[in-house]
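Visitor: Please read through the structure below; I'll follow up with questions.
The values are calculated or read from the model by the stated rules, or taken from the named source; none is laboratory data. None of the values given here were measured: they were computed from a predicted structure. Cβ placement follows ideal geometry from the backbone for every residue including glycine, while neighbour counts extend to all protein chains displayed. Protein only, heavy atoms only, side chains kept; ligands, DNA and RNA dropped before computing areas. Shrake-Rupley method; radii C 1.70, N 1.55, O 1.52, S 1.80 Å.
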Amino acid sequence: MKATAKAHTNIALIKYWGKRNEALILPTNNSLSLTLDGFFTTTTVDFQENLTQDQFMLDNKPVKGDSHQRVTKFLDLIRGLAGKENLYATVHSKNDVPTAAGFASSASGFAALAAAGTKAIGLELDNPELSRLTRQGSGSASRSIYGGFAEWEMGNKEDGSDSFAVPIAPAGHWDVRVAAVVLSSTMKKVSSREGMKRTVETSAFYSGWIDSIPKDLVEIKDAIKTKDFEKTGSIAEANCLKMHATTLAANPPFTYWHDATMRVMQTVQHMREKGIPAYFTIDAGPNVKVLYLPEDEETVQQTLRNIPGVTDVILSKPGQGISYL
Ligand code: ADP
Ligand code: DP6
(Lines give C-alpha, C1' and ligand atoms only; values in the text may rest on other atoms or scores of the structure.)
(Ligands and ions follow the chains in the order given, each with its own letter.)
Protein backbone atom coordinates (compact mmCIF):
# COMPACT_ATOMS: atom_id res chain seq x y z
CA MET A 1 0.00 0.00 0.00
CA LYS A 2 2.45 2.55 -1.28
CA ALA A 3 2.13 5.84 -3.20
CA THR A 4 4.32 8.82 -4.08
CA ALA A 5 3.13 12.38 -4.64
CA LYS A 6 4.71 15.71 -5.46
CA ALA A 7 3.40 19.10 -4.35
CA HIS A 8 4.71 22.63 -4.79
CA THR A 9 4.80 25.41 -2.24
CA ASN A 10 2.69 28.49 -2.74
CA ILE A 11 3.21 32.13 -1.96
CA ALA A 12 0.27 33.97 -0.48
CA LEU A 13 -0.60 37.26 -2.20
CA ILE A 14 -3.42 37.76 0.31
CA LYS A 15 -2.16 36.25 3.56
CA TYR A 16 -3.72 33.75 5.91
CA TRP A 17 -2.87 35.17 9.31
CA GLY A 18 -4.99 33.90 12.17
CA LYS A 19 -7.15 30.97 13.21
CA ARG A 20 -10.65 30.87 14.62
CA ASN A 21 -10.23 27.19 15.54
CA GLU A 22 -6.73 25.91 16.22
CA ALA A 23 -7.51 22.20 16.41
CA LEU A 24 -9.29 22.10 13.05
CA ILE A 25 -7.12 24.84 11.50
CA LEU A 26 -9.96 27.15 10.52
CA PRO A 27 -8.82 30.62 9.47
CA THR A 28 -10.16 34.06 10.33
CA ASN A 29 -9.95 35.21 6.68
CA ASN A 30 -9.86 33.97 3.10
CA SER A 31 -6.40 33.92 1.52
CA LEU A 32 -5.13 33.72 -2.06
CA SER A 33 -1.88 32.33 -3.41
CA LEU A 34 0.24 31.49 -6.41
CA THR A 35 1.74 27.99 -6.56
CA LEU A 36 5.48 28.03 -7.39
CA ASP A 37 7.27 25.53 -9.61
CA GLY A 38 10.69 26.20 -8.05
CA PHE A 39 9.99 24.74 -4.59
CA PHE A 40 8.45 21.35 -3.97
CA THR A 41 8.23 18.26 -1.79
CA THR A 42 8.15 14.64 -2.92
CA THR A 43 6.70 12.19 -0.41
CA THR A 44 6.26 8.42 -0.42
CA VAL A 45 3.86 6.84 2.07
CA ASP A 46 3.95 3.09 2.57
CA PHE A 47 1.36 1.55 4.90
CA GLN A 48 2.55 -1.82 6.24
CA GLU A 49 0.69 -4.36 8.39
CA ASN A 50 3.77 -5.22 10.46
CA LEU A 51 4.49 -1.68 11.79
CA THR A 52 3.51 -0.64 15.32
CA GLN A 53 4.09 3.08 14.79
CA ASP A 54 4.74 5.58 11.98
CA GLN A 55 8.27 6.32 10.83
CA PHE A 56 9.10 9.68 9.25
CA MET A 57 12.27 10.30 7.25
CA LEU A 58 12.86 13.83 5.96
CA ASP A 59 15.71 14.26 3.47
CA ASN A 60 16.98 10.79 4.43
CA LYS A 61 17.17 11.57 8.15
CA PRO A 62 14.81 10.08 10.77
CA VAL A 63 12.64 12.77 12.34
CA LYS A 64 11.47 12.67 15.97
CA GLY A 65 9.72 15.16 18.24
CA ASP A 66 7.16 17.74 17.15
CA SER A 67 7.57 17.27 13.39
CA HIS A 68 7.09 13.50 13.76
CA GLN A 69 4.03 14.09 15.90
CA ARG A 70 2.52 16.44 13.32
CA VAL A 71 2.93 13.76 10.65
CA THR A 72 1.47 11.03 12.87
CA LYS A 73 -1.51 13.18 13.82
CA PHE A 74 -2.12 13.84 10.15
CA LEU A 75 -1.86 10.15 9.25
CA ASP A 76 -4.43 9.51 12.04
CA LEU A 77 -6.89 11.61 10.04
CA ILE A 78 -6.21 9.54 6.92
CA ARG A 79 -6.52 6.30 8.89
CA GLY A 80 -9.81 7.54 10.36
CA LEU A 81 -11.23 8.36 6.91
CA ALA A 82 -10.23 4.91 5.63
CA GLY A 83 -11.42 3.06 8.76
CA LYS A 84 -7.95 1.55 9.20
CA GLU A 85 -6.98 2.89 12.62
CA ASN A 86 -4.18 0.39 13.31
CA LEU A 87 -2.31 0.58 10.05
CA TYR A 88 1.01 2.45 10.33
CA ALA A 89 3.29 3.80 7.64
CA THR A 90 6.80 4.72 6.71
CA VAL A 91 6.98 8.21 5.23
CA HIS A 92 9.95 9.25 3.12
CA SER A 93 9.91 12.90 2.20
CA LYS A 94 12.31 15.10 0.28
CA ASN A 95 12.06 18.87 0.50
CA ASP A 96 13.35 20.77 -2.52
CA VAL A 97 12.71 23.84 -0.39
CA PRO A 98 14.45 25.06 2.80
CA THR A 99 12.63 23.65 5.89
CA ALA A 100 11.04 26.03 8.45
CA ALA A 101 12.71 29.15 7.01
CA GLY A 102 9.65 30.94 5.70
CA PHE A 103 9.68 29.17 2.33
CA ALA A 104 6.47 27.26 3.08
CA SER A 105 7.96 23.78 3.43
CA SER A 106 4.90 22.96 5.52
CA ALA A 107 2.65 23.81 2.55
CA SER A 108 4.32 21.52 0.03
CA GLY A 109 5.06 18.99 2.81
CA PHE A 110 1.48 18.48 3.96
CA ALA A 111 -0.01 18.67 0.45
CA ALA A 112 2.36 15.90 -0.70
CA LEU A 113 1.69 13.87 2.46
CA ALA A 114 -2.09 14.17 2.03
CA ALA A 115 -1.97 13.14 -1.61
CA ALA A 116 0.44 10.22 -1.13
CA GLY A 117 -1.16 9.05 2.13
CA THR A 118 -4.74 8.97 0.86
CA LYS A 119 -3.72 7.25 -2.36
CA ALA A 120 -1.60 4.67 -0.51
CA ILE A 121 -4.45 3.72 1.83
CA GLY A 122 -6.89 3.39 -1.07
CA LEU A 123 -9.01 6.55 -0.62
CA GLU A 124 -10.18 8.41 -3.71
CA LEU A 125 -10.70 12.04 -2.73
CA ASP A 126 -11.64 14.83 -5.11
CA ASN A 127 -9.72 18.12 -4.91
CA PRO A 128 -12.05 19.91 -2.45
CA GLU A 129 -11.95 16.86 -0.16
CA LEU A 130 -8.18 16.64 -0.45
CA SER A 131 -7.80 20.36 0.24
CA ARG A 132 -10.07 20.14 3.30
CA LEU A 133 -7.97 17.27 4.66
CA THR A 134 -4.65 18.96 3.82
CA ARG A 135 -5.78 22.11 5.66
CA GLN A 136 -5.69 20.13 8.90
CA GLY A 137 -1.97 19.48 8.47
CA SER A 138 -1.07 23.10 7.74
CA GLY A 139 -3.51 25.80 6.67
CA SER A 140 -1.53 27.24 3.77
CA ALA A 141 -1.04 23.69 2.41
CA SER A 142 -4.75 23.58 1.50
CA ARG A 143 -3.94 25.92 -1.42
CA SER A 144 -1.08 23.76 -2.78
CA ILE A 145 -3.52 21.16 -4.10
CA TYR A 146 -3.99 23.46 -7.10
CA GLY A 147 -1.59 24.92 -9.61
CA GLY A 148 -1.59 28.62 -10.47
CA PHE A 149 -3.77 30.93 -8.38
CA ALA A 150 -5.94 29.44 -5.62
CA GLU A 151 -8.16 30.87 -2.91
CA TRP A 152 -8.71 29.22 0.46
CA GLU A 153 -12.28 29.94 1.46
CA MET A 154 -12.45 30.30 5.23
CA GLY A 155 -16.00 28.93 5.43
CA ASN A 156 -18.19 29.55 8.44
CA LYS A 157 -19.28 26.12 9.64
CA GLU A 158 -17.92 25.02 13.00
CA ASP A 159 -16.88 21.59 11.75
CA GLY A 160 -14.75 23.10 8.95
CA SER A 161 -16.56 21.21 6.19
CA ASP A 162 -16.81 24.39 4.08
CA SER A 163 -13.19 25.50 4.61
CA PHE A 164 -11.04 24.46 1.64
CA ALA A 165 -9.27 25.96 -1.36
CA VAL A 166 -10.70 26.46 -4.82
CA PRO A 167 -8.85 27.18 -8.08
CA ILE A 168 -8.90 30.79 -9.34
CA ALA A 169 -6.75 30.51 -12.49
CA PRO A 170 -4.46 27.69 -13.69
CA ALA A 171 -0.68 28.02 -13.99
CA GLY A 172 -0.97 28.64 -17.73
CA HIS A 173 -3.28 31.64 -17.29
CA TRP A 174 -0.50 34.18 -16.71
CA ASP A 175 3.28 33.94 -16.81
CA VAL A 176 4.21 36.05 -13.80
CA ARG A 177 7.50 35.21 -12.11
CA VAL A 178 8.61 35.08 -8.49
CA ALA A 179 12.20 35.52 -7.30
CA ALA A 180 12.78 34.02 -3.87
CA VAL A 181 15.46 36.14 -2.27
CA VAL A 182 17.34 34.00 0.24
CA LEU A 183 18.83 35.88 3.18
CA SER A 184 18.89 33.15 5.73
CA SER A 185 17.96 29.49 5.51
CA THR A 186 18.22 28.97 9.24
CA MET A 187 15.15 27.90 11.24
CA LYS A 188 13.06 30.85 12.34
CA LYS A 189 12.51 31.84 15.99
CA VAL A 190 8.73 32.33 15.90
CA SER A 191 6.89 29.73 13.79
CA SER A 192 3.99 30.93 11.67
CA ARG A 193 1.68 28.93 13.94
CA GLU A 194 2.93 30.62 17.11
CA GLY A 195 3.22 34.04 15.44
CA MET A 196 -0.36 34.14 14.18
CA LYS A 197 -1.70 32.89 17.52
CA ARG A 198 0.07 35.64 19.42
CA THR A 199 -1.15 38.19 16.90
CA VAL A 200 -4.81 37.10 17.09
CA GLU A 201 -4.72 37.12 20.88
CA THR A 202 -2.82 40.34 21.52
CA SER A 203 -2.30 42.58 18.48
CA ALA A 204 -3.94 45.98 18.69
CA PHE A 205 -3.97 46.05 14.87
CA TYR A 206 -5.68 42.69 14.35
CA SER A 207 -9.21 43.95 13.71
CA GLY A 208 -7.89 46.44 11.13
CA TRP A 209 -6.18 43.57 9.32
CA ILE A 210 -9.36 41.48 9.20
CA ASP A 211 -11.52 44.40 8.09
CA SER A 212 -9.25 45.12 5.13
CA ILE A 213 -9.26 41.62 3.59
CA PRO A 214 -12.57 41.46 1.65
CA LYS A 215 -11.70 44.52 -0.47
CA ASP A 216 -8.16 43.25 -1.18
CA LEU A 217 -9.59 39.92 -2.33
CA VAL A 218 -12.20 41.36 -4.69
CA GLU A 219 -9.64 43.69 -6.24
CA ILE A 220 -6.81 41.17 -6.62
CA LYS A 221 -9.09 38.57 -8.20
CA ASP A 222 -10.20 41.13 -10.75
CA ALA A 223 -6.55 42.12 -11.39
CA ILE A 224 -5.51 38.47 -11.87
CA LYS A 225 -8.40 37.85 -14.24
CA THR A 226 -7.49 40.87 -16.39
CA LYS A 227 -3.71 40.25 -15.98
CA ASP A 228 -3.16 43.70 -14.51
CA PHE A 229 0.34 43.28 -13.09
CA GLU A 230 0.69 46.68 -11.36
CA LYS A 231 -2.62 46.22 -9.61
CA THR A 232 -1.94 42.60 -8.60
CA GLY A 233 1.54 43.47 -7.31
CA SER A 234 0.56 46.58 -5.41
CA ILE A 235 -2.37 44.87 -3.65
CA ALA A 236 -0.14 41.91 -2.70
CA GLU A 237 2.66 44.18 -1.42
CA ALA A 238 0.28 46.28 0.66
CA ASN A 239 -1.41 43.16 2.05
CA CYS A 240 1.97 41.77 3.12
CA LEU A 241 2.88 45.03 4.87
CA LYS A 242 -0.42 45.01 6.75
CA MET A 243 0.13 41.44 7.93
CA HIS A 244 3.62 42.24 9.18
CA ALA A 245 2.35 45.42 10.87
CA THR A 246 0.10 43.27 13.08
CA THR A 247 3.16 41.54 14.57
CA LEU A 248 4.63 44.87 15.67
CA ALA A 249 1.48 45.58 17.68
CA ALA A 250 1.42 42.13 19.34
CA ASN A 251 2.40 41.50 22.96
CA PRO A 252 5.27 40.77 23.16
CA PRO A 253 5.90 42.47 19.82
CA PHE A 254 7.96 40.71 17.18
CA THR A 255 9.03 40.96 13.56
CA TYR A 256 10.23 38.44 10.99
CA TRP A 257 12.30 41.08 9.21
CA HIS A 258 16.09 41.34 9.29
CA ASP A 259 18.11 44.35 8.15
CA ALA A 260 18.61 42.70 4.76
CA THR A 261 14.83 42.17 4.47
CA MET A 262 14.42 45.96 4.56
CA ARG A 263 17.21 46.42 2.01
CA VAL A 264 15.43 44.09 -0.41
CA MET A 265 12.10 45.88 0.12
CA GLN A 266 13.70 49.25 -0.57
CA THR A 267 15.51 47.94 -3.65
CA VAL A 268 12.23 46.64 -5.07
CA GLN A 269 10.64 50.05 -4.54
CA HIS A 270 13.66 51.71 -6.25
CA MET A 271 13.28 49.34 -9.21
CA ARG A 272 9.72 50.58 -9.60
CA GLU A 273 10.88 54.20 -9.55
CA LYS A 274 13.15 53.28 -12.46
CA GLY A 275 10.21 51.85 -14.39
CA ILE A 276 10.60 48.13 -13.67
CA PRO A 277 7.36 46.75 -12.29
CA ALA A 278 8.39 44.56 -9.33
CA TYR A 279 6.60 43.99 -6.03
CA PHE A 280 7.55 42.14 -2.84
CA THR A 281 5.79 39.87 -0.43
CA ILE A 282 7.08 38.19 2.73
CA ASP A 283 5.77 35.23 4.75
CA ALA A 284 6.64 34.31 8.33
CA GLY A 285 10.39 34.66 7.90
CA PRO A 286 13.07 37.14 6.83
CA ASN A 287 13.24 36.09 3.17
CA VAL A 288 11.50 38.10 0.48
CA LYS A 289 9.67 36.98 -2.66
CA VAL A 290 9.65 39.41 -5.55
CA LEU A 291 6.97 39.35 -8.25
CA TYR A 292 8.09 40.49 -11.70
CA LEU A 293 7.37 39.94 -15.40
CA PRO A 294 9.41 37.56 -17.63
CA GLU A 295 10.90 40.41 -19.74
CA ASP A 296 12.52 41.93 -16.62
CA GLU A 297 14.03 38.67 -15.35
CA GLU A 298 17.69 39.50 -16.00
CA THR A 299 17.57 42.98 -14.48
CA VAL A 300 15.53 41.91 -11.47
CA GLN A 301 17.77 38.94 -10.75
CA GLN A 302 21.01 40.92 -11.06
CA THR A 303 19.70 43.78 -8.95
CA LEU A 304 18.59 41.43 -6.17
CA ARG A 305 21.86 39.47 -6.19
CA ASN A 306 23.84 42.68 -5.63
CA ILE A 307 22.10 43.52 -2.35
CA PRO A 308 24.39 42.96 0.68
CA GLY A 309 23.13 40.01 2.76
CA VAL A 310 21.50 38.19 -0.16
CA THR A 311 22.90 34.65 -0.36
CA ASP A 312 20.84 33.33 -3.26
CA VAL A 313 18.04 34.21 -5.65
CA ILE A 314 15.83 31.34 -6.86
CA LEU A 315 13.49 32.01 -9.78
CA SER A 316 10.06 30.42 -10.13
CA LYS A 317 7.30 30.27 -12.67
CA PRO A 318 3.72 29.45 -11.74
CA GLY A 319 3.66 25.81 -10.66
CA GLN A 320 1.28 22.89 -11.08
CA GLY A 321 -0.93 21.31 -8.44
CA ILE A 322 -0.32 17.91 -6.88
CA SER A 323 0.80 15.05 -9.05
CA TYR A 324 1.35 11.34 -8.45
CA LEU A 325 4.63 9.74 -9.43
P1 ADP B 1 7.90 26.89 6.68
O2 ADP B 1 8.10 28.33 6.42
O3 ADP B 1 9.04 26.08 6.17
O4 ADP B 1 6.56 26.37 6.23
P5 ADP B 1 6.82 26.28 9.29
O6 ADP B 1 7.43 26.46 10.66
O7 ADP B 1 5.50 26.88 9.01
O8 ADP B 1 7.93 26.78 8.26
O9 ADP B 1 6.71 24.74 8.98
C10 ADP B 1 7.82 23.88 9.06
C11 ADP B 1 7.35 22.56 9.62
O12 ADP B 1 6.58 21.86 8.63
C13 ADP B 1 8.49 21.60 9.93
O14 ADP B 1 9.04 21.87 11.19
C15 ADP B 1 7.78 20.28 9.86
O16 ADP B 1 7.05 20.01 11.05
C17 ADP B 1 6.77 20.49 8.74
N18 ADP B 1 7.30 19.96 7.48
C19 ADP B 1 8.21 20.54 6.66
N20 ADP B 1 8.47 19.77 5.60
C21 ADP B 1 7.70 18.66 5.74
C22 ADP B 1 7.52 17.48 4.95
N23 ADP B 1 8.18 17.31 3.81
N24 ADP B 1 6.65 16.55 5.38
C25 ADP B 1 5.96 16.73 6.54
N26 ADP B 1 6.10 17.82 7.34
C27 ADP B 1 6.95 18.78 6.94
C1 DP6 C 1 2.49 33.89 6.66
O2 DP6 C 1 0.06 27.51 7.00
O3 DP6 C 1 2.35 27.64 8.09
O4 DP6 C 1 2.74 32.00 5.27
O5 DP6 C 1 -1.85 26.52 9.56
O6 DP6 C 1 -0.45 26.84 11.58
O7 DP6 C 1 0.36 25.37 9.75
P8 DP6 C 1 -0.44 26.59 10.11
O9 DP6 C 1 0.27 27.86 9.48
P10 DP6 C 1 0.93 28.08 8.05
O11 DP6 C 1 0.88 29.67 7.97
C12 DP6 C 1 1.19 30.38 6.83
C13 DP6 C 1 1.23 31.84 7.12
C14 DP6 C 1 1.80 32.71 6.03
C15 DP6 C 1 0.70 33.25 5.12
C16 DP6 C 1 0.10 32.32 4.09
O17 DP6 C 1 0.77 31.42 3.60
O18 DP6 C 1 -1.07 32.55 3.76
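Visitor: So which aspartates and glutamates can Lys197 reach, going by Cα to Cα under 17 Å and dropping same-chain residues fewer than 8 places off?
Guide: Those aspartates and glutamates meeting the cut-off are Glu22, Asp283.
Visitor: Roll a 1.4 Å probe over the protein heavy atoms and report the accessible area of Arg143 in Å², nearest 10.
Guide: We get 10 Å² for Arg143.
Visitor: Another question about this same structure. Under a straight-distance cross-link criterion of Cα-Cα below 18 Å, which lysines are reachable from Lys73, leaving out those fewer than 8 residues away in the same chain?
Guide: Lys64, Lys84, Lys119
Visitor: Compute the relative contact order of the range 191-315 as a whole-number percentage, counting only Cα pairs closer than 8 Å that sit 6 or more residues apart in sequence.
Guide: On the way: 126 pairs, mean separation 28.6, N = 125.
Over the range 191-315, the number comes to 23 percent.
Visitor: Then there is this: Among Ile14, Ile121, Ile314, which one moves the most in a GNM of the chain with springs linking Cα atoms closer than 10 Å?
Guide: Ile314
Visitor: What full-extension length gain, to one decimal in nm, is calculated for Glu124 and Leu24 as 0.36 nm per residue of separation minus the Cα-Cα distance?
Guide: Working: separation 100, 0.36 × 100 = 36.00 nm, distance 2.17 nm.
So the extension gain works out to 33.8 nm.
Visitor: Mind ranking Met271, Met154 by accessible surface for me, highest first, 1.4 Å probe?
Guide: Details: Met271 10, Met154 55 Å².
Per-residue accessible area, sorted high to low, gives Met154, Met271.
Visitor: Treating only the Cα positions of the range 195-299 as identical point scatterers, give the base-10 log of I(q)/I(0) from the Debye formula at each q in 0.25 Å⁻¹.
Guide: Log10 of I(q)/I(0), two decimals: -1.31.
Visitor: Just the Kirkwood number for the chain, please: inverse of mean 1/r across all distinct Cα pairs, in Å, one decimal. Could the numbers behind the result be given before it?
Guide: Details: mean 1/r = 0.0505 Å⁻¹.
The Cα-based Kirkwood calculation yields 19.8 Å.
Visitor: Under a GNM of the chain (C-alpha, springs under 10 Å), which listed residue has the highest mean-square fluctuation: Asp126, Asp162, Asp76?
Guide: Asp126
Visitor: Determine the order of Thr4, Thr281 by accessible area, beginning with the largest, at a probe radius of 1.4 Å. Intermediate values should be presented prior to the final figure.
Guide: Details: Thr4 30, Thr281 0 Å².
Result, largest first: Thr4, Thr281.
Visitor: Got the relative contact order for the chain handy, in percent, Cα pairs under 8 Å and 6 or more residues apart?
Guide: Values: 738 pairs, mean separation 80.5, N = 325.
Taking the mean separation of contacting Cα pairs over the length of the chain, I get 25 percent.
Visitor: If you average the C-alpha positions of the range 187-266 and of the range 131-172 separately, how far apart do those two centres end up, in angstrom?
Guide: 19 Å
Visitor: What distance in nm separates the two pseudo spin-label positions at Lys73 and Ser323, each 7 Å out from Cα along the beta-carbon direction?
Guide: Taking the simple label geometry, Lys73 and Ser323 are separated by 3.2 nm.
Visitor: Let me ask you something else. With a cap of 15 neighbouring Cβ atoms within 10 Å, and only residues DSSP puts in a loop, list the trypsin sites (Lys or Arg not before Pro) found in the range 199-285.
Guide: On the way: sites: Lys215, Lys221, Lys225, Lys227, Lys231, Lys242, Arg263, Arg272, Lys274; in loops: Lys227, Lys274.
Here the trypsin sites (Lys or Arg not before Pro) that fit, given the DSSP loop and packing criteria, are Lys227, Lys274.
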